[in-house]
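Below is one structure; the comments refer to it alone.
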Amino acid sequence: DAGVTQSPTHLIKTRGQQVTLRCSPKSGHDTVSWYQQALGQGPQFIFQYYEEEERQRGNFPDRFSGHQFPNYSSELNVNALLLGDSALYLCASSLGLAGANEQFFGPGTRLTVL
Amino acid sequence: AQTVTQSQPEMSVQEAETVTLSCTYDTSESDYYLFWYKQPPSRQMILVIRQEAYKQQNATENRFSVNFQKAAKSFSLKISDSQLGDAAMYFCAYRSPWGDMRFGAGTRLTVKP
């Protein structure tokens, strides 16, 4: 049973570019959440997708957008990259939106913006 | 807004000894969930233990246990018989019934042989 997978593992971009990160949830899970983890800090919630719709959003600008596909996989898109977007981006999946449901995390994508 | 505070950036423990990691949170809600996650150098966040706010009994998972003080809004993690494999970043997290997960800044735990 595959857990949460993310691609790519590492990514290097320059300021102003656009990036797309991908996430496949754990088998049976239908909800995907994205987090940004800056170096030395805890993860910060970006947004959550369920039934192909954004259900909740954290305090992130519109440059951050996402999508969920019918197979429950998800993408995170960041436009007009800034140096401050350099971080580890974590994807987590769960079954449903309820807070009681455990979130399983992927290994993350390390994004470096030069 | 809910906030989570971990006041110990780093902690150290001798192998086989016991260590306690602290966490406090701020909320006006009565129903919520609390979690401790472990993040080793491999970066993968792993759930260590969880606590439902409506349960008075402290959660326990093998060598890991919590001290949940709802009135004080405190949620500490105790690791007994520490092992070298316990070395990692530990994050305390809060989640409301239908809300997002809020994490603390983390505590780096070092285990000395």
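The values are calculated or read from the model by the stated rules, or taken from the named source; none is laboratory data. Just so we're clear, the structure is a prediction, and the values are computed from it rather than from any experiment. With ideal geometry, Cβ positions are generated from the backbone for all residues, glycine too; neighbour counts draw on all protein chains shown. Accessible surface is based on the protein model in full, side chains and every heavy atom, while ligands, DNA and RNA are left aside. Shrake-Rupley method; radii C 1.70, N 1.55, O 1.52, S 1.80 Å.
Among the residues of the stretch A:80-99, which ones are part of a loop (DSSP other than H, G, I, E, B), at the interface with chain B (Cβ under 10 Å from one of its Cβ atoms) and surrounded by 14 or more Cβ atoms within 10 Å (Cβ to Cβ)? Hits for the stretch A:80-99 are A:Leu97, A:Gly99.
Matching residues to (1) of a type in the set (Lys, Arg); (2) more than 10 Å from chain A (Cβ to nearest Cβ); (3) open to solvent by less than 20 Å² (accessible area, probe 1.4 Å):
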{"site": "B:Ser7", "(1), (2), (3)": "no, yes, no"}
{"site": "B:Tyr25", "(1), (2), (3)": "no, yes, yes"}
{"site": "B:Tyr37", "(1), (2), (3)": "no, no, yes"}
{"site": "B:Thr60", "(1), (2), (3)": "no, yes, no"}
{"site": "B:Lys70", "(1), (2), (3)": "yes, yes, no"}
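Scanning the stretch B:43-58 for residues that are within 14 Å of another protein chain (Cβ to nearest Cβ) and more than 27 Å from A:Gly40 (Cβ to Cβ) turns up B:Glu52, B:Ala53, B:Tyr54, B:Lys55. Taken as a whole, the stretch A:100-107 holds at least one residue that is under 11 Å from the mean Cα position of the chain (by Cα), touching a residue at least 40 places away in the same chain (Cβ under 8 Å), farther than 15 Å from A:Thr20 by Cβ and in a strand (DSSP E or B).
Of all the criteria given as (1) without any contact (Cβ under 8 Å) to a residue 40 or more places away in the chain; (2) of a type in the set (A, V, I, L, M); (3) within 29 Å of A:Thr31 (Cα to Cα), the one not satisfied by B:Ala71 is (3). So which residues in the stretch B:74-92 are closer than 21 Å to B:Ser7 by Cβ and surrounded by fewer than 17 Cβ atoms within 10 Å (Cβ to Cβ), if there are any at all? Across the stretch B:74-92, the qualifying residues are B:Ser74, B:Lys78.
For every residue, the table says whether it meets (1) surrounded by 16 or more Cβ atoms within 10 Å (Cβ to Cβ); (2) closer than 20 Å to A:Ala87 by Cβ; (3) more than 14 Å from every other protein chain (Cβ to nearest Cβ).
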| position | (1), (2), (3) |
| --- | --- |
| A:Ser27 | no, no, yes |
| A:Ser33 | yes, yes, no |
| A:Gln48 | yes, yes, no |
| A:Glu53 | no, no, yes |
| A:Arg63 | no, yes, yes |
| A:Asn71 | no, no, yes |
| A:Ser74 | yes, yes, yes |
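If we keep just the residues of the stretch A:100-114 that are out of contact with any Asp or Glu (no Cβ under 8 Å at 6 or more places or on another chain) and more than 9 Å from chain B (Cβ to nearest Cβ), which is most open to solvent (accessible area, probe 1.4 Å)?
Of all residues in the stretch A:100-114, those out of contact with any Asp or Glu (no Cβ under 8 Å at 6 or more places or on another chain) come to A:101-110, A:112, A:114.
Remaining after also requiring more than 9 Å from chain B (Cβ to nearest Cβ): A:101, A:109, A:112, A:114.
Working: A:Asn101: 49, A:Thr109: 0, A:Thr112: 51, A:Leu114: 113 Å².
Ranking the candidates gives A:Leu114 first.
Considering each residue of the stretch B:49-69 in turn, at least one proves to be out of contact with any strand residue (DSSP E or B) (no Cβ under 7 Å at 6 or more places or on another chain), among the polar types (S, T, N, Q) and assigned to a strand (DSSP E or B).
Considering only residues that are assigned to a loop (DSSP other than H, G, I, E, B) and not aromatic (Phe, Trp, Tyr), look in the stretch B:96-107 and name the one that is surrounded by the fewest Cβ atoms within 10 Å (Cβ to Cβ). Show your work before the answer.
Step one: list which residues in the stretch B:96-107 are assigned to a loop (DSSP other than H, G, I, E, B), which gives B:96-100, B:104-106.
After this cut, where a residue has to be not aromatic (Phe, Trp, Tyr) as well, the list is B:96-97, B:99-100, B:104-106.
Numbers: B:Ser96: 16, B:Pro97: 13, B:Gly99: 17, B:Asp100: 20, B:Gly104: 25, B:Ala105: 16, B:Gly106: 23.
Filtering the stretch B:96-107 for residues that are assigned to a loop (DSSP other than H, G, I, E, B) and not aromatic (Phe, Trp, Tyr), the one surrounded by the fewest Cβ atoms within 10 Å (Cβ to Cβ) comes out as B:Pro97.
Here's the yes/no breakdown for (1) more than 22 Å from A:Gln37 (Cβ to Cβ); (2) within 11 Å of chain A (Cβ to nearest Cβ); (3) open to solvent by less than 60 Å² (accessible area, probe 1.4 Å):
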position: B:Gln14; (1), (2), (3): yes, no, no
position: B:Val19; (1), (2), (3): yes, no, yes
position: B:Ser28; (1), (2), (3): yes, no, no
position: B:Tyr33; (1), (2), (3): no, yes, yes
position: B:Tyr94; (1), (2), (3): no, yes, yes
position: B:Leu109; (1), (2), (3): no, no, yes
